[in-house]
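Please treat every number below as a calculation from the coordinates, not as lab data. Remember, it's a predicted structure, so these values are computed and weren't measured experimentally. Here Cβ is always computed from backbone atoms with ideal geometry, including for glycine, and neighbour counts include all displayed protein chains.
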Amino acid sequence: GLARMGVHRRDAVVDQDLRAFDAPNLHLAGAAVLPTSGQANPTLTAVALALRLADHIAAAIATD
């Protein structure tokens, strides 16, 4: 939870697209964006977030 994902800058470091609020060209892909660590290993969740981010960035590049 060191770089929490959230809706507002006051509560989080990155938005739902893993884009940093204070540095729009910075994306964080990893378990640090999860608000809490659960009982299970967060590796699969982190991988899913990274793949989602890769799709998002690829779509943004394709539209430019």
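Report yes if some residue within the stretch 22-29 is assigned to a loop (DSSP other than H, G, I, E, B), touching a strand residue (DSSP E or B) at 6+ places or on another chain (Cβ under 7 Å) and not acidic (Asp, Glu); otherwise report no. Give the derivation first.
First, the residues of the stretch 22-29 that are assigned to a loop (DSSP other than H, G, I, E, B): 22-26, 28-29.
Still in the list and also touching a strand residue (DSSP E or B) at 6+ places or on another chain (Cβ under 7 Å): 26, 28.
When the remaining residues are screened for being not acidic (Asp, Glu), the result is 26, 28.
Yes, there is a match, as at least one residue in the stretch 22-29 is assigned to a loop (DSSP other than H, G, I, E, B), touching a strand residue (DSSP E or B) at 6+ places or on another chain (Cβ under 7 Å) and not acidic (Asp, Glu).
Give the residues of the stretch 37-49 that are of a type outside the set (Gly, Ala, Ser), under 25 Å from residue 61 (Cα atoms) and surrounded by 14 or more Cβ atoms within 10 Å (Cβ to Cβ), sorted by residue number.
If the condition is that a residue be of a type outside the set (Gly, Ala, Ser), under 25 Å from residue 61 (Cα atoms) and surrounded by 14 or more Cβ atoms within 10 Å (Cβ to Cβ), then 45, 49 are the ones that fit.
Where residues in the stretch 1-36 are under 16 Å from residue 54 (Cβ atoms), of a type outside the set (A, V, I, L, M) and in contact with a helix residue (DSSP H, G or I) (Cβ under 8 Å, 6 or more places away or on another chain), which of them is surrounded by the most Cβ atoms within 10 Å (Cβ to Cβ)?
Top of the filtered list is 27.
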